[in-house]
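Each remark here refers to the structure printed beneath this line.
Coordinate-derived values only; no laboratory data. Since this is a predicted model, take the numbers as computed values, not measurements. Because the Cβ atoms are built from the backbone with ideal geometry, glycine has one as well, and the counts that use them run over all protein chains shown.
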Amino acid sequence: MQRTFQFILNPVAGPGDNQSFWRSLKKHLLASGIEFKKKNTKRQGHATTWTEKRVKKGTDSIIVSIGGDGTFNEVATSLLNTGLKMAHVPRGSGNGLARMLKIPSKPKKIPAYLQKGIPLKIDAGKLNGKSFFCTAGFGFDALVAHHFENSKTRGLKSYVLYTLKAFFNYEGVKADFELDGELYSGSFFTVTVANANQYGNNAFIAPHADLQDGLLDVTMIRPFSKWITPVVVLALFGKWIHRLPFVETRKINKMEIHSLSSPYFHRDGETDLAELPVKIEVLPGALQLLVQ
């Protein structure tokens, strides 16, 4: 049976020119004989409510999110453990999950991905009941996510500027938490719980993360001298962050955070103000996503 698709487009994600991107993509879809419908998001959370309605009504179409990791999160959350398939067209600032799975972003390559893509069951994470598919956590990356979320400008350049601005005044966070029952305590630069292997833009915070292993990867970075920041950056983009002496990694099923000196958490690039204790767990094979 020929596949049909329902697209949900975030018009302001990433570079913010997604309407012109859609016009280009639409030409390729029509030329490939693909049947589809399209809806634009109007506000944060709209993709979730729209997808939930599709699920309740029942649909044979594959739902396709067009946007960043946040848009993907909204759609995927509503499809967890439903057996329905989804696809994703990356148009965000980081596109961590799409980069890891090598999902195409160019309009001319997307029809083949949609027509020939294979459904892959991937894990999801939950933070106090809220889903994440790339990364979640607290510390420096959560602070940057908070700044970036309130920025009027998006894209990699803006992200780098906010990162540099926050970095030189940052002293770390104090936290007490358990990883599968083992207690950790002290000061941390950042603690990231990863389902995917990167934040996005090929910044590999969890190089050994596997979307199908039924586990989450935790990367704990202790405070370090700012003089060695270039080494940390090289390690992050070179896939060897786990080799640094002030970095510890674990694969876990569950995490519980008891105390934290910062109010900020992040989930797939969005900021949360989660209430303590924070409980994080993995949902093995909960989402069916088309991959090449």
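Worth a mention:
- Leading residue at positive end of dipole, the range 164-292 (Cβ point charges), from Val282, Gly181, Val193: Val193
- Normalised contact order of the chain, rounded percent, pairs of Cα under 8 Å and 6 or more residues apart: 23
- Annotation note: GluC sites (Glu not before Pro) in the range 252-292 located in DSSP loop regions with a Cβ neighbour count of at most 16 within 10 Å are Glu275.
- Contour minus Cα-Cα distance for Leu120 and Glu248 (0.36 nm per residue): 43.1 nm
- When both the range 207-246 and the range 15-71 are represented by their alpha-carbon centers, they are found 34 Å apart.
- Crossing angle, helix 18-31 versus the chain [Cα axis fit, 0-90 degrees, rounded to tens]: 40
- Which labelled figure in (i) 56, 37, 31; (ii) 105, 44, 42; (iii) 68, 51, 40 is Cα extents along the principal axes in Å, once derived from the coordinates: (i)
- Unsatisfied cross-links (Cα-Cα over 25 Å) in the set Lys57/Lys121; Lys27/Lys102; Lys56/Lys106; Lys37/Lys109; Lys53/Lys279: Lys56/Lys106; Lys53/Lys279
- Put simply, the amide H of Lys39, placed in the peptide plane, has neighbours under 5 Å in Phe7, Ile8, Leu9, leaving out anything fewer than 5 places away on its chain.
- Sequence-distant lysines (8 or more away, or on other chains) whose Cα lies within less than 27 Å of Lys165: Lys152, Lys157, Lys174, Lys226, Lys239
- Between helix 140-149 and the chain: long-axis angle, C-alpha atoms, 0 to 90°, nearest 10: 40
- Note on Ala166 and Lys57: with the Förster distance fixed at 51 Å, the Cβ-Cβ geometry gives a FRET efficiency of about 0.70.
- 0 to 90° range, to nearest 10: angle between helix 69-79 axis and the chain longest Cα axis: 70
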